[in-house]
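The values are calculated or read from the model by the stated rules, or taken from the named source; none is laboratory data. All values derive from a computational prediction rather than experimental measurement. A quick note on method: Cβ atoms are made from the backbone with ideal geometry, for glycine too, and the neighbour counts reach across all protein chains shown. Protein only, heavy atoms only, side chains kept; ligands, DNA and RNA dropped before computing areas. Shrake-Rupley method; radii C 1.70, N 1.55, O 1.52, S 1.80 Å.
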Amino acid sequence: MSTENSANVSRRQFITGAATAVAGLTVAPGVFLLKPAAAASGADPATRWGLLIDTNKCADGCTACVRACHEENGVRSMGRPKTDAQWIRKVNLTERETGHQHSLPVMCQHCEDPPCVDVCPTKASFIRPDGVVLVNKHTCIGCRYCMMACPYKARSFIHEPLTDQKPHAPRGKGTVESCTLCVHRIDRGERTTACVEACNKDGHQAMVFGDLNDPESEIARRLREEGSTAIRADLRLNPAVRYQGI
């Protein structure tokens, strides 16, 4: 599936459905990459970064967030829609009883208790003190256990050799990757992500990024006053990405 296309699934199936296994066990070749930003960062354990997405404002057919994310991190189509990397994708949900539709972006949900971290045999999948879930490309062996464990289908496997990578987003054949909440921006002291920036620029204002632990932040205030929904809340993973309107 290409980054420009939306997947049409039942709302109930998407929110309550089980994870789809990704078959295959592959040992990745040696990958020489830059030191991960997470390892060098001074991530504050008092902070937890998150996203709030209002699906009532998310425009059907708009892929501004997808384009911005992939441009920011050097994610490009390799001409293989079924296996192209997707750090973020647009999904259409349909309410079976009423036919009402929602269009929303889906990415790594940055769970408080991430299944991908639990199953990783080399501890390449890890969670920073500030709640951002990442993959250490130096120790990822490409086994894809994390892809099987993720109930959000949020991780991608790199099948091809890559060139022209972004210095802040090292990528390598035979490793797994996913949304980083623009961790390179966080570590520079910035307080927005590429997807949120693009959504605001297009005038939709459907996404809010901020510190979930700061009661004075916009995201914390809106969650407190307006509430939200976590996808697959039944798994009790406490994701840092929350939705309104579904």
Which is without any contact (Cβ under 8 Å) to a residue 12 or more places away in the chain and open to solvent by 50 Å² or more (accessible area, probe 1.4 Å), of 61, 79, 99? 79
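Of the residues 134, 104, 93, which single one is in a strand (DSSP E or B) and open to solvent by 10 Å² or more (accessible area, probe 1.4 Å)?
Details: 104 fails: open to solvent by 10 Å² or more (accessible area, probe 1.4 Å); 93 fails: open to solvent by 10 Å² or more (accessible area, probe 1.4 Å).
Answer to the selection: 134.
Which ones in the stretch 194-204 are in contact with a helix residue (DSSP H, G or I) (Cβ under 7 Å, 6 or more places away or on another chain) and closer than 16 Å to residue 54 by Cα?
195, 197, 198, 199, 202
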Just name the residue that is most open to solvent (accessible area, probe 1.4 Å) out of those in the stretch 218-232 that are outside any loop (DSSP other than H, G, I, E, B) and β-branched (Val, Ile, Thr). 229
Checking the condition modelled with pLDDT of 90 or more and open to solvent by 40 Å² or more (accessible area, probe 1.4 Å), which residue from 54, 84, 44 passes? 44
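Does the stretch 200-217 hold any residues that are in a loop (DSSP other than H, G, I, E, B) and small (Gly, Ala, Ser), and which are they? Let's see the steps before the verdict.
We begin by selecting, within the stretch 200-217, every residue in a loop (DSSP other than H, G, I, E, B); these are 202-206, 212-217.
Across the stretch 200-217, the qualifying residues are 203, 206, 217.
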Residue 169 passes all but one of (1) at pLDDT below 95; (2) touching a Cys at 6+ places or on another chain (Cβ under 7 Å); (3) hydrophobic (A, V, I, L, M, F, W, C); which number fails? (2)
Matching residues, the stretch 233-246, being of a type outside the set (A, V, I, L, M), at pLDDT 95 or above and assigned to a loop (DSSP other than H, G, I, E, B): 236, 238
